[in-house]
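Structure record follows, encoded as structure tokens.
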There are 4 protein chains.
Amino acid sequence: MHNIALIGAGRIGKIHAANLAASRRVRLARVVDPFGDAAAALAGEHGAQVSTLEDALADPSISGVLVASSTDTHLDYSLAAAEAGKAVFCEKPLDQDLARARAATRRFSEVDARLFLAFNRRFDPNFAALQSRLASGEVGAIETLHIISHDPAPPPVDYVKVSGGIFKDMVIHDFDMARWLLGEEISEVFASSSVLVDPAIGDAGDADTAKTLLRTTSGRLCMISSSRRSGYGYDQRIEAFGSKGMIRAQNQLESTVEIWGETGAAADRFQNFFLDRYAVAYAREIDHFADILDGNMTPLVGFEDGVAALALAEAAARSARTGERVLL
Amino acid sequence: MHNIALIGAGRIGKIHAANLAASRRVRLARVVDPFGDAAAALAGEHGAQVSTLEDALADPSISGVLVASSTDTHLDYSLAAAEAGKAVFCEKPLDQDLARARAATRRFSEVDARLFLAFNRRFDPNFAALQSRLASGEVGAIETLHIISHDPAPPPVDYVKVSGGIFKDMVIHDFDMARWLLGEEISEVFASSSVLVDPAIGDAGDADTAKTLLRTTSGRLCMISSSRRSGYGYDQRIEAFGSKGMIRAQNQLESTVEIWGETGAAADRFQNFFLDRYAVAYAREIDHFADILDGNMTPLVGFEDGVAALALAEAAARSARTGERVLL
Amino acid sequence: MHNIALIGAGRIGKIHAANLAASRRVRLARVVDPFGDAAAALAGEHGAQVSTLEDALADPSISGVLVASSTDTHLDYSLAAAEAGKAVFCEKPLDQDLARARAATRRFSEVDARLFLAFNRRFDPNFAALQSRLASGEVGAIETLHIISHDPAPPPVDYVKVSGGIFKDMVIHDFDMARWLLGEEISEVFASSSVLVDPAIGDAGDADTAKTLLRTTSGRLCMISSSRRSGYGYDQRIEAFGSKGMIRAQNQLESTVEIWGETGAAADRFQNFFLDRYAVAYAREIDHFADILDGNMTPLVGFEDGVAALALAEAAARSARTGERVLL
Amino acid sequence: MHNIALIGAGRIGKIHAANLAASRRVRLARVVDPFGDAAAALAGEHGAQVSTLEDALADPSISGVLVASSTDTHLDYSLAAAEAGKAVFCEKPLDQDLARARAATRRFSEVDARLFLAFNRRFDPNFAALQSRLASGEVGAIETLHIISHDPAPPPVDYVKVSGGIFKDMVIHDFDMARWLLGEEISEVFASSSVLVDPAIGDAGDADTAKTLLRTTSGRLCMISSSRRSGYGYDQRIEAFGSKGMIRAQNQLESTVEIWGETGAAADRFQNFFLDRYAVAYAREIDHFADILDGNMTPLVGFEDGVAALALAEAAARSARTGERVLL
């Protein structure tokens, strides 16, 4: 059992705490949060202790640090943990500022940081099965890719204002998926975005709808469709077109129940909430972190993946703003 | 082009007339019907002539006779046509009375009747594909079979009264499908029927809902589900379970359009009317009749198949009445 | 946290132990098993103690007893636990002998036994959703029902020999589902069974394939399809036909991944193992037991449901043997 | 019955000839083709006469002219027919040269041409149902659109060389669909194309794979995916995302047959050939032309729609060439 310190007792911190508690390979030992009440409640629930960051990093019994604090602290806390010799589980995104993230690269490298950047979708069983079967050549060599990622409903405008914008906050997941599945680096980005869902999002300087087109060095193409509101649930689909066919991952439904009535056949609703849709993925992230702590695996997603996704997000935001294709 | 005489200008007669007209292999030459106006209208529409049965049978330019008159005349007209040396396309069922049908066997045999008994489902492209793939062993040897045949809505009670009952009128199609797909003779029949849809059907001495269980000599099992009203369209499905897997034919939908909304994903309605559902099957029946007329094929469904299906219908009706299994 | 004593450390006992351990509402305190090593291993894994049945029942801190021992002990252990004032979670089936189960009814009643008979399918989210929507009238009043329950592969013949036969061992689940969904008592049973999968099962005096037809007092009909080997995975489906439409629960697939290739579109495999297929159901059973222990609910499935399902199983076995319908 | 002169006895001409022959509202009277043998064969098959264009246009009994000749003659023949007062059914595309097509606008307008430009997909029952339900607001106001159009296999390179390029030859269908479904004019086009299927297509100066992103004046977005080879059949799908949900049209399968085996559930192949896939659409085009001839309807797709689709195709080709967004 590896002892883990968790930084951040908010929504995503609670998810990770529960999965740490359910795992037999790791143990939630310390909870760090500037809001003492939140830290105390979460620590109490799982038999952990409230801690300062300093104490946690100084404790030699702590093997790993899970950074689930606010985005602007991800880089600093991850670096501090790595410098203290801890393995790091860092929530996405690495940072909202590409220059800042790039500037930190050398320091992470100097301490041989074992940093796992937690892009949860890579750990979803459906997407993982798709990636594995695609990589094994079941549909031949990949040529083009469609990623659809539509949220059920928009977040509060207050969140939008600090989110870094739709490309860094939301599409960044899809940039990581695209890099993972396309199998080569992306060389061109074009994006077009609109305010079609909520004018308040536009007033906040952001968009709520976007289509992004990526092109790799050899000419593979990827289209990403993004929307802050679907009206029909959480739409998370991928279609990969290869030389011999197509492989895709469909949405998860609430149940397998169908009703056949006068108007046709109706399947159940899509899973509507990302914590349901990716519940298994979050648990598998913890399992992967335990593999890293065991020394059996290096992180499947690392610092450089975080930087690369952020670079794509910045490029897409720029393209949407200027109307011009961005070369990387 | 083979000249055809059509007996019967009612609903099913009109269907066959249109398919005869659309075919390049046969020509609708004569229309026979006791209702002169109906005969004249249909003949006029397709450039055929109104005729008596006698004249049609005496005309040497007529190669085939299509019997689509009322059920109680099927046997007599088919026999007359066969005795006149014509190929016969006989609408199902052969007759409502098993003893009468059996009694006619010798006479049909004596004239070497070329009689095609038109069980339309064998000519449905979906069921035909299922049968072909099943017979080719794609799921191994067949073990059991489920046939679902639910009508969208019950027929008028006046029709029910002369229909011969649910087993002879409706389930007879499924008895033929079962014989076709099971690949060996049926030795036992058990049926249970109810009046759940319309009490008037019960008052008329018939049932509107039934489940029938068939067993073959080697122990293969078949379940047939029958209902006069589905509430959701025309439900025509088959599932065949083999030693290596299952093969099934699903329902036809009106279109491939789906709507994803708050309550889930909704496909389009099922095709609701048997003339739509089996439009292709009826056209393919005419094509098969042309093959017979060309001398290239013997009828895929013959007199003895009609007798066998009728025997199963009578056995099922008896079982439903007595509560006892009927051995054949 | 209610303390639970688990009787039985075999395959199903281990499943329940894991779910007890994962629950925050109950605690696995004692493990009872004649095989001391098995008990010690399971107790050790979950921080429980090895115990005799007597000690467990005498311990006032134990609130509930989970009976997961061999079938022939279910009745005795459940009764002993009930007499000791414990709530009882009894694995299905109640017993293999209908007369013996009936004879015990009075004694369970005298001690006001709080007995939950764990028919796991009622707790499957898909079937539970189907039942709930059916009961709420979404497809009108139920008229007929199809239950398909095909195992991926047959059990060892040694298991078959002590299983009580296909109807008591396997179809008993479906009898419970039928009673649950049909909404009224079953008055007639007809069954036909065959040996089509493995002759050794026939040599052991059992069948491996069966179709059972049930009829309720008002004429509702239910068909149950049973097979010990599907060739395509664990086939667990229900279709309920109502006056306004049909509601059904489909199979669970391993993932939502599809491949489109030359031969068509291929979905992923069906979940192949009952412990995967019903993993959620087993966890929800524990939750329901916690509700009973809290005093908030009476058991959703009780002693009398176990007796009723067993009565149907005996009737079906008799019908298959004699070829005659059995009236209840 | 309106008499029709058909210009062009090639592959698509034969399709239209068969549908003219099958219709009861129009009659194929004359066939015009520079290849006399082809004209004679087709005319003979349908009881029409071989004719020169001049004679056909001079014949007052001819009401309509169906232009199915080579693309470079569409404009001239259509104009000649319109000047002769005939209704015109013009195969797509109007022309390969936008400037030339625009230049002809005034002359078509001066003669009040009744020209129906036959974009067949608008007449496909699935896409027509999608458009109708979308327009009726079933998923709210449209926001974004995905159109997938992948051919089963690439055409011969000799065809590619004279095709006008992927955007004018193939994607032009999708530009028309986008205009039809988006409900407002397109103001920006960005396209990226690659040679991933066949290097010979690249050598011929064309691409075989493309993604095109369209933007309307109000910010609605549309992504079009194009490929000359799918490896899995003819992939023709549309997904329209509205404020209240999504509506889509799926592919047509060869049959409704599925096989469930060890590796999962396999549906039948997609329809593989455009003449099968759009057989009903072609027949409905003739019906629409008959409506125009009856004077009951104006053309649903006209000259200006052909110009607009061509303008989008030229813009997309330019964008793919330059890497720059094209404003319209």
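Overview of results
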read-out	value
Residue D:187, sole failed condition from (1) assigned to a helix (DSSP H, G or I); (2) within 14 Å of another protein chain (Cβ to nearest Cβ)	(1)
Test: residue in the stretch A:202-223 that is at pLDDT below 95 and facing another protein chain (nearest Cβ under 9 Å)	no
Residues of the stretch A:220-259 classified as more than 26 Å from residue D:152 (Cβ to Cβ) and among the small types (Gly, Ala, Ser), total	6
Of all residues making up the stretch A:149-191, the number that are over 16 Å from residue A:227 (Cα atoms) and either in contact with a helix residue (DSSP H, G or I) (Cβ under 9 Å, 6 or more places away or on another chain) or surrounded by 19 or more Cβ atoms within 10 Å (Cβ to Cβ) (or both)	14
Any hit, the stretch A:243-260, residues being within 12 Å of chain C (Cβ to nearest Cβ), modelled with pLDDT under 95, in a strand (DSSP E or B) and open to solvent by 20 Å² or more (accessible area, probe 1.4 Å)	yes
Condition broken by residue A:266, with the remaining ones in (1) in contact (Cβ under 8 Å) with a residue 40 or more places away in the chain; (2) open to solvent by 10 Å² or more (accessible area, probe 1.4 Å); (3) among the aliphatic types (A, V, I, L, M); (4) facing another protein chain (nearest Cβ under 7 Å) satisfied	(1)
Helices (runs of 4 or more DSSP H) enclosed by the stretch B:1-89 - at least 1 residues per element that are modelled with pLDDT under 95	B:11-22, B:36-46
Lone qualifier among A:17, A:29, A:81, A:56 - being within 14 Å of another protein chain (Cβ to nearest Cβ), hydrophobic (A, V, I, L, M, F, W, C) and buried (at least 23 other Cβ atoms within 10 Å of the Cβ)	A:17
Verdict on residue A:157 being more than 8 Å from every other protein chain (Cβ to nearest Cβ), under 19 Å from the mean Cα position of the chain (by Cα) and at negative phi	no
Test result for residue C:231, out of contact with any strand residue (DSSP E or B) (no Cβ under 9 Å at 6 or more places or on another chain) and on the phi > 0 side of the Ramachandran plot	no
Residue C:272 vs. criteria in a loop (DSSP other than H, G, I, E, B), surrounded by fewer than 22 Cβ atoms within 10 Å (Cβ to Cβ), of a type in the set (S, T, N, Q) and within 11 Å of chain A (Cβ to nearest Cβ)	no
Test: residue in the stretch C:276-294 that is touching a helix residue (DSSP H, G or I) at 6+ places or on another chain (Cβ under 9 Å) and within 30 Å of residue B:190 (Cβ to Cβ)	no
Top-ranked residue of the stretch A:301-326 - restricted to ones that are of a type in the set (Val, Ile, Thr) and more than 16 Å from the chain's Cα centre (by Cα), ranked as surrounded by the fewest Cβ atoms within 10 Å (Cβ to Cβ)	A:322
Selection count where residues are small (Gly, Ala, Ser) and under 18 Å from the mean Cα position of the chain (by Cα), scope the stretch D:283-300	1
Residues (surrounded by fewer than 21 Cβ atoms within 10 Å (Cβ to Cβ) and either touching a strand residue (DSSP E or B) at 6+ places or on another chain (Cβ under 8 Å) or at pLDDT below 95 (or both)) located in the stretch D:281-293	D:288
Number of the condition not met by residue D:86 [criteria: (1) in contact with a Phe, Trp or Tyr (Cβ under 9 Å, 6 or more places away or on another chain); (2) away from chain B (no Cβ under 14 Å); (3) of a type in the set (D, E, K, R)]	(1)
The stretch B:230-242, residues that are within 18 Å of the chain's Cα centre (by Cα) and in a strand (DSSP E or B)	B:235, B:236, B:237, B:238
Matching residues, the stretch A:224-239, being surrounded by 24 or more Cβ atoms within 10 Å (Cβ to Cβ) and not polar (S, T, N, Q)	A:224, A:228, A:232, A:233, A:238
Matching helices (runs of 4 or more DSSP H) fully within the stretch C:121-172 where at least 3 residues are in contact (Cβ under 8 Å) with a residue 40 or more places away in the chain and under 20 Å from residue C:279 (Cα atoms)	C:125-135
Scan of the stretch C:155-177 for residues that are out of contact with any strand residue (DSSP E or B) (no Cβ under 9 Å at 6 or more places or on another chain) and either more than 16 Å from residue C:72 (Cα to Cα) or not small (Gly, Ala, Ser) (or both), ordered by number	C:155, C:156, C:157, C:158, C:159, C:160, C:161, C:162, C:168, C:169, C:172
Residue match in the stretch C:194-208 (condition: under 20 Å from the mean Cα position of the chain (by Cα) and either under 22 Å from residue C:302 (Cα atoms) or part of a strand (DSSP E or B) (or both))	no
Unique match (being of a type in the set (A, V, I, L, M) and over 25 Å from residue C:225 (Cβ atoms)) among B:141, B:104	B:104
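Yes/no per residue for (1) open to solvent by 50 Å² or more (accessible area, probe 1.4 Å); (2) more than 14 Å from chain A (Cβ to nearest Cβ):
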position	(1), (2)
C:94	no, yes
C:102	yes, yes
C:109	yes, yes
C:119	no, yes
C:123	no, no
C:133	yes, no
C:138	yes, no
C:142	no, no
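The values are calculated or read from the model by the stated rules, or taken from the named source; none is laboratory data. Because the structure is predicted, anything quoted here is derived from the model rather than measured. Ideal geometry is used to build each Cβ from the backbone, glycine not excepted, and the neighbour counts take in all protein chains shown. These area figures cover heavy atoms from the full protein model, side chains too; ligands, DNA and RNA do not enter into them. Shrake-Rupley method; radii C 1.70, N 1.55, O 1.52, S 1.80 Å.
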